[in-house]
Structure formats: structure tokens, C-alpha cells
Amino acid sequence: MDENRHYIVKLDYEKCVHCGFCTTVNTCHSLNMCIGCLSCYWACPYEARILVKSILDIDNSVTIYVDDKPFKVPRNITVAKALEYIGFKFNSPGFKRPSLACKTGGCWACTLLINGELERACITPVKENMRIKLNIEEYKPLRIVHGPEPHIVGGKGTPWWEVNYIDYVEAAIWVAGCNLRCPQCQNYHVTYDNVSTPMTPDEAAKLVVYCHRKHHTRGIAISGGEPTINREWLIEFFKNVTKRVDVKVRRHLDSNGTILTPDYIDELVESGCNNIGVEPKCTRIETYMKITGISDRELAEKYLETAWEAAKYIYTNYRDKVYLGIGLVFNRELVSLEEIAEAGDKIASIDPEIQVTVLDYFPTFRRRWLKRPLVNEMLEVKRILEERGLKTVIVQTERGHIGPGNRSLRYFY
């Protein structure tokens, strides 16, 4: 039966370079038998994991107890797969817990109480007599966090005039887990981390506020991975930061924008977030799918549209409360200059004064064959956007950030 088909992962020994990623950053929680969580498949930097179709052995079952009710489910599958097998539906990413957001173990949005301990349904194997509690509202949400660290550049929403490559502009944290699968992920050691001990929002807030005070930063930032896919954690994080800092301190979210719906944005602003960078990356769906690794066209269209609409909604409803930055990307192998111009027109139609930051995608993760754009190429990108009427364009280059206008290059050496 088709509904009983799933995939397991096998190692391609010819591609494996023994880099250690699968033993230090993204580890298997079922070493003796693949349960088809696919975490290692998505995380392997050298694509040394391959998918193999398999059939669930429904005659070889275990008994699990879900809210004290017994169910027979196939062996050698994840808790998430077992719950879906008996009819449980996880929430979509960006909604309340539990949701299957990253499916690699970093975001902890699928957390349930499993045998008395909080654990991730997406990578935990079912076992005989396992007891699962679905309602965990009394427990604080968790998330894997890297940092905090003082940052001299900031993200795509960091006001350009604060950056001088001398002073720290933000105290930043980065959270694991993402709903995209970008083959050139610029921060994959964070994105695919499922090993580090998770933190509560309050724990993360205390650490980043301490870093902010120690280094006298102008702002506090959270990036990723993708911060928005564990909504309860993120809202509580901003609430905890806001109550600990001066009202003038920037509280900055860097996001891909894919699940930033109007109600989510409203909740973020209410929790104290006053600085948002949204990165739709491009304008064409084929380009977006190539960049993000999302093969489901319908899902990719939804993500791309949501990101652009998020930027428009933030500007329209909160331009007096939230500093908005929009992020684009460029590498000649992925994005054309014509599409850059299209993106410029799209942003200018909202407001030509909006800050726009263009990242130069460089060789990393699974696209190590990419050639980093030359400085002159990024200056051409900047010129094209400014010709579309944009007033505040910054481009990332191998020599640092350049812009806006005629800002001197001496800041970036």
C-alpha cells in the first residue's frame, strides 16, 4: 500500500569523506536500524546519504501508549511517523506546538513527553511500551542555540549607519533548524545541529542580554537556521529580552519570511520585536526552488509569496515601530541580473527607502563548486538596484559590506 511506503537512508561510501559531521553535529538517534527520519540525509555536506524506498512492516509492530491509550504501530519508525500512522496530525511550521518544522532535530518544535522526558518526535525511534504525552503546555519550549556573540556587522535588517567595522552593533544568537534545504546554506553547522543541549527562551534571553550589556551593543539579534519555525519559543524569547533591556535597544529578527503571516508578525511586534529582516531571496519561483532546495513547487510558491507579503505587511502596518530590511541574494550561477532588477522594482513599489541587503553567495555546504562573486559584480548588482530607484542598497562582498550610495570603501578593509 502506498501509505505504508517510506524511505530509509544508506551510506554511499564513495562520497563519504569522513568529515565527522554525522558524529559531531547531526547524529543518528537509532544507530542499529534506520528509522527513516532523514535527518542525516539532509545534513550531510557531501551528499553521502542516499534514499532507498522501503515498505512499513505492519505485521512487525510494537505497542505504544499515547495519552495512556494503547496503539499498535510498525517498528523502526520515528515517533512522528507512528503518530501520523494512527491519525495524529502535527501543526504546520509557525503554529503552536507540536509541529514538524525542521525534521532534523534542531528546532525542537515537535517536542513531546516521551517516557517522562521531553524529546523530539522527528528523530526519536518508537519502542515497545513507549509512553507519549501530547499535551506539554506546562513545559517551557526548547531550542538549540549557538552563541551569544558580539557582532560587528549584523544582519539584513541592521540599520546601515550603525555598521563601521569597529564597534559591536549586536549581541547575536543563532538557532538550529530550518524549513528550507538550501544546498549553499551559509550557516549549516548551526542549521543542522541536533546534538547541542537546548535552551528555554528565558535562558537564551539572559545570555544574550548579558552579552549586550558587556559589549555595549546597540541591538540584540536572533538568526539561524530559521528562528520563526518554533513560534512559542521565539515569542517568549522576545518577551524575555524586552523586559530586560532599555526600550531604545533594537530587538532584531532575521528570517527567511516563509511563515511570517500577518498574525505572527502582530504577535512578534507585541512581544517587543522592533527590527525585522525578511529574506525572500529572489522573485522567480524556479530560482527560488534552486536556491532553497524545495522541490515541491506548490510549497515553494507559498513560501516565496509569504515572504514578500510579510515585508509588505511589516512596512504597511508597522513602519513607525519596526525597522525593516529586505534581503536578496546573488550568485551568477543562481540568480540573473534581470531578476535582480525585478526584485528592485518589487521593493521600490513598496517604498524605495527600504533598506536592501544583497548577500553574495559563496562556495559552502553542498555547493562548494560555486565561485564567489567578485567585488565588481556585486557593485553591478548595487548599481542595477539603485537604477530601479532604491535609495538604501548594501551589498556583501569578500571585502566587506558596501553601501548605500557613495559610502567610502575605507570602512570595509
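A few comments on the model shown:
- Note on Lys96: aspartates and glutamates with a C-alpha under 15 Å away, same-chain residues under 8 apart excluded, are Glu137, Glu138, Glu232, Glu236, Asp263, Glu267.
- Positive end of the dipole of the chain (Cβ unit charges, origin at the Cα centre): among Met199, Ile136, Tyr288, the Cα lying farthest that way belongs to Met199.
- Tilt relative to the chain, helix 375-387 - C-alpha long axis, 0 to 90 degrees, to 10: 70 degrees
- Rounded to 5, percent antiparallel among DSSP beta bridges of the chain: 50 percent
- If you run the Gaussian network model on the chain, springs between alpha carbon atoms under 10 Å, then out of Lys302, Lys382, Lys81 the most flexible one is Lys302.
- Residues Val145, Val62, Val195, sorted so that the one with the fewest Cβ neighbours within 10 Å comes first: Val195, Val62, Val145
- Check: segment 70-174 dipole with +1 on Lys, Arg Cβ and -1 on Asp, Glu Cβ, in debye: 780 debye
- Footprinting exposure proxy for Ile340, Ile347 (fewest neighbouring C-beta atoms within 10 Å first): Ile340, Ile347
- In summary, the lysines within cross-link reach of Lys10, defined as a Cα separation below 17 angstrom excluding same-chain residues under 8 places away, comprise Lys53.
- Dividing the mean sequence gap of close Cα pairs (under 8 Å, 6+ apart) by how many residues the chain holds gives a relative contact order of 12 percent.
- Percent of beta bridges antiparallel (DSSP, segment 235-391, rounded to nearest 5): 5 percent
- Cα gyration tensor category, rounded, prolate or oblate, for segment 145-412 with a/c compared to 1.5: rounded
- For the chain, built as a Gaussian network whose Cα springs stay under 10 Å, the top-fluctuating residue of Gly20, Gly325, Gly257: Gly20
- In a reduced charge model with +1 at each Lys and Arg Cβ and -1 at each Asp and Glu Cβ, the chain shows a dipole moment near 700 debye about its Cα centre.
- Straight-distance candidates among the lysines for linking to Lys371, with alpha-carbon spacing under 28 Å and chain neighbours fewer than 8 residues away dropped: Lys15, Lys156, Lys281, Lys290, Lys346, Lys382.
- Residues Ser295, Ser92, Ser61 arranged by fewest to most Cβ contacts within 10 Å: Ser295, Ser92, Ser61
Here, each number is a calculation from the coordinates, and none is a lab measurement. All figures in this text were calculated on a predicted structure; none of them were measured in a lab. Here the Cβ is made from the backbone with ideal geometry for all residues, glycine too, and neighbour counts use every protein chain on show.
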